[in-house]
Structures are given as C-alpha cells and as structure tokens.
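One structure is given below, encoded as structure tokens.
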Amino acid sequence: NTRISKDIFDMSEFIFCWGENQKGLINKIIKNTNNIYITGSPKIDISNLIAKRITAKHKNRYAQNILVNTRFAVNNGVTYEVELNNLKDLGVLKTQDDINLFKDFYDSDVKIYNEFILLIKNLSSLKNINITIRPHPLETSETYINLFSKFNNVVVDNEAQLIDQFLTHDCVIHDGCTT
C-alpha cells in the first residue's frame, strides 16, 4: 500500500514481478491478475551468474571488499513531509490509519538508517576492509561523504556500473534495496 496506488495497477497493461511472493502481494490488491507476469529480476540473475564464478578458494576467505547498497531516500533525500504529501496526492495514503502506518514505516526506517551508519563505522575500523557505499539515486550522497570523509577505507560511489561493483566486491550488505 505504501509503494504504489491501486489506480496505477488498474491502468497498467502489463505488470512484471520478480517472483511468486511479489505476485501474491499484488493479487491481494487487484482483482484482474491476467496481466501479471513473473519475469525474475535482472539484477538477481546477474548476481547468480557472478556467484557461479566464485571458486572454492574464495568461499573460504573473509570479505575484504564490502558493497553497501542503501535505500534511505525518505531519511536521506526527500523529506518526510514531501513523501507524505506525494503519497497522499497519489492516493496511496487515504485514511489516518494509512498516515499512521507511513509514520511507523518512517520511524522504523530512521532506526535502520542509523544502524547502517553504525555498521559502516564499525566495519571501517577493521584492518584490510574496504567499503563502498552505493546510495539510492534519490539519496543525498553528500551525507555519506561527510559522515565518512575521515575513513580512508570508505568510498561513496553510485556512478560505477553495478555489475562492476558486484565483480570487485566480496559481499553486498543491504536492507531491501533492489540492487
């Protein structure tokens, strides 16, 4: 309910899903499911191909290059008020209960964001660890640049190709980011 309006589904000729779980969620919202197709996720498919390239040698070592993909546009980008009004305008938030749920989501996201910052700071204190933060396109990259400017082993990069970042990092840390 907080991601897309039912009206958008009703106007859509085709709806593409990553898998059965996503299709099931959409089926709860709309009645006509003849235009829903499971196509998979290109990013996950690429990730699976990369995983096949990993040798047994790599499986037994600790991660040295960590990619952190973020998704905190509402905490570190657009403001709560802007997103609240946008969701109201889209018809996603119609009742006070909807608004309260969004507020709970926002408050939870603030906690998760703060934990990500703490995690990155803690990881950056480890020897031989390099961290790349890949902010969501709607986030303010400068926030991360300012927070981690004193750490030599942390860079902020949302310009590099994602496939290149997958190939040059040992693991990805995220919390619901589609990458």
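The values are calculated or read from the model by the stated rules, or taken from the named source; none is laboratory data. The model shown is predicted, which means the values in this text are computed figures rather than measured ones. Glycine gets a Cβ as well: all are built from the backbone with ideal geometry, and neighbour counts include every protein chain shown. Only protein heavy atoms, including side chains, enter the accessible area calculation; ligands, DNA and RNA are left aside. Shrake-Rupley method; radii C 1.70, N 1.55, O 1.52, S 1.80 Å.
Scanning region 1-14 for residues that are of a type outside the set (Val, Ile, Thr) and either at pLDDT 80 or above or open to solvent by less than 70 Å² (accessible area, probe 1.4 Å) (or both), we see that the one that is nearest to residue 89 (Cα to Cα) is 5. Scanning region 15-40 for residues that are small (Gly, Ala, Ser) and at pLDDT below 85 gives a single hit, 40.
Within region 137-169, which residues are open to solvent by less than 60 Å² (accessible area, probe 1.4 Å) and outside any helix (DSSP H, G or I)? Within region 137-169, 139, 140, 148, 151, 153, 154, 156, 157, 158, 160, 169 meet the criteria.
Screening residue 47 with (1) surrounded by 15 or more Cβ atoms within 10 Å (Cβ to Cβ); (2) modelled with pLDDT of 70 or more gives one miss only, at (2).
Among all residues of region 110-123, there is none that is open to solvent by 70 Å² or more (accessible area, probe 1.4 Å), of a type in the set (D, E, K, R), more than 16 Å from residue 174 (Cα to Cα) and without any contact (Cβ under 8 Å) to a residue 60 or more places away in the chain. Note on region 52-89: residues that are at pLDDT 90 or above, over 21 Å from the mean Cα position of the chain (by Cα) and among the basic types (Lys, Arg) total 1.
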